[in-house]
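Worksheet for the structure shown next.
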Amino acid sequence: MKLDWWVVWQHRDALVEGTLVTVALTMVTMLIAVPGGIMLAVMRLGRSRPLALASASFVEFFRNLPLILVVYWAYYVMPILLGVQLDAFTTGLAALALNVSAYNAETFRAGIASVRKGQTEAALALGMSRWQALREVVLPQAARRVLPVLASTWVSLFKDTSLVSVIAVGDLAYNAMRVRSQTFRVLEMLTAMAVIYWGLGYPQAKLVDWLHRRFGVRE
Amino acid sequence: MTRIPPTGSPAQAGPDLVLQYRGVRKVFGDFVALDGVSTQVRRGEVVCLIGPSGSGKSTLLRCTNGLEKPDGGEILFDGAPLPSDEAAMRPVRRRMGMVFQSFELFPHKTALENIAVGPRIVLGFEERKTRELGEALLAKVGLSDKAASYPANLSGGQQQRVAIARALAMEPEVMLFDEPTSALDPETIGEVLNVMKALAEEGMTMVVVTHEMSFARRVADRVVVFEKGRIIEEGPPEEIFERPKVDRTGEFLSHIGWSA
């Protein structure tokens, strides 16, 4: 078989553009899913039973569905539910954010629960409100403990964004596949895609390892 | 030099009962932690609560600042019953300092930040003012050189001294100590007790749950002996330690090795 690597260079614009979309999807998803996860975790651990139940239902729903199904679901169901047709990027983003928020909620819940009860009591004894104690004392400690887990989620998310290509979001996977079907250069395009994902993912994974060592188990 | 906040108010004319306990009850499941406890604390008084583990001393202290809610009876602070809801309890807690057995310093904050956080968050003091306050209080507990240290890098005794300074930063009217030296290595107990003794000499009102009998003997104005959720005897330390009226007090004291 004769390989033609020139095709990769010829379609560099599509690849670069797709890579930027993938990176943007990852970043914006996390920007939504970190506060989202904290909010869900606080609701779950709070004293209001309806809020706790709502949070638990949300988390269990999205955590136990395959992401690709949530992506399709967002594409077909959200327009009916919301009455607006969102563009593919926003739809894919919504699906990813729902899924990752659910995961982050469990991460933060574990992180918050791991902070000793005495820490909250010490804050309350100073006259802080429950909210002040959470913000000033509990969350900063929880955040340090969950940082390595969040970083792992980030790396998974970076690769999982490829699933939104099924609804024609122009991410790296989608663009590479499109070039493949136009040129029939299957091996070249898949290899190029692998090199880009790996080249960007590996440093992130190394960063996670470093975060584990730096913040992992320390008390 | 910064003004060190006044710790403890001078004895005032009129009603000077800071804390009054009237038939306080607290139950945890089947366990009766407090079975009708009545006593009081006067302004400027140092009261030590002693007795076997599980006899209710710590529970009474935790009920005092609302970390536990009594199931019966009432507690009056400065003449007014403690409010039952959390929000109304906050202004009361500001006026009480609490020191825990396990220190509970905030591990992500330096010694100075631990002291400054209460005034900054709760009282809304500005940064410069809280820093000066923190430095003055660190000097007071003999830890000026540890301002930038994190709790993990301090000894137990040093951590507990920072915790005392943190409580003092709120300028409390009464200090509650919950077994402040029980988690310490023997060689660092003395430095914490010295800080507490100095505080007592300044006239601070203090309620101290302790197993340090020599501290209670030397520093307390009054000693309250607990057993099974009840007060079995209370009085001046020389009476309690030398001529206890109740047999069980004598038995407890000899059991923990105290000899008059």
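The values are calculated or read from the model by the stated rules, or taken from the named source; none is laboratory data. Computed from a predicted model, the values in this text were never measured in an experiment. Heads up, the Cβs are rebuilt from the backbone with ideal geometry, glycines too, and the neighbour counts pull from every protein chain shown. Just so you know, the surface numbers come from the protein's heavy atoms only, side chains and all, with ligands and any DNA or RNA stripped out. Shrake-Rupley method; radii C 1.70, N 1.55, O 1.52, S 1.80 Å.
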The protein assembly as shown, helix-only ellipticity at 222 nm - DSSP H runs n ≥ 4, -39,500 (n - 2.57), divided by all residues, nearest 500: -18000 deg cm²/dmol
State whether segment B:151-193 is rounded, prolate or oblate according to the following rule on the C-alpha gyration tensor (a ≥ b ≥ c being the square roots of its eigenvalues): a/c under 1.5 gives rounded; otherwise a/b larger than b/c gives prolate, and the remaining case gives oblate. oblate
What whole-number distance in Å separates the alpha-carbon centres of segment A:1-71 and segment B:182-260? 60
Taking every residue of B:92-100, the Cβ atoms of other protein chains inside 10 Å of its Cβ average out to 3
Charge-dipole axis of chain A as Lys and Arg at +1 and Asp and Glu at -1 on Cβ define it, positive-most pick from A:VAL186, A:ALA142, A:ALA102: A:ALA142
Find out how many positive minus negative residues lie around A:ARG44, taking Lys and Arg as positive, Asp and Glu as negative, among other residues whose Cβ is under 14 Å from that of A:ARG44. +2
Which pairs break 31 Å Cα to Cα here: A:LYS117/A:LYS159; B:LYS26/B:LYS245; B:LYS26/B:LYS129; B:LYS57/B:LYS197; A:LYS2/A:LYS206? A:LYS117/A:LYS159; B:LYS26/B:LYS129; A:LYS2/A:LYS206
Three-way shape call for chain B based on the alpha-carbon gyration tensor, with the a/c threshold at 1.5: prolate
Once each part is reduced to its C-alpha centroid, what is the distance from segment B:28-53 to segment B:134-177 in angstrom? 26
With a 1.4 Å probe and every protein chain left in place, work out the accessible area per residue of chain B in Å², rounded to a whole number. 42
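Let me confirm one metric for peptide A:117-124, namely the mean number of other chain beta-carbon atoms within 10 Å of its residues' beta-carbons.
Mean partner shielding for this stretch: 6.
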For the pair A and B, how large is the buried accessible area, both sides, in square angstrom to the nearest 100, if the probe is 1.4 Å? 1900
Using only atoms on other chains, find how many Cβ atoms lie within 10 Å of each Cβ of peptide B:103-109 and report the average. 6
Ignoring ligands, DNA and RNA, what percent of the accessible area of segment A:6-215 is carbon or sulfur (1.4 Å)? 68
By the C-alpha gyration tensor axes a ≥ b ≥ c (rounded if a/c is under 1.5, else prolate when a/b exceeds b/c, else oblate), the shape of segment A:6-215 is oblate
For chain A, what is the accessible area per residue in Å² when the probe is 1.4 Å? 53
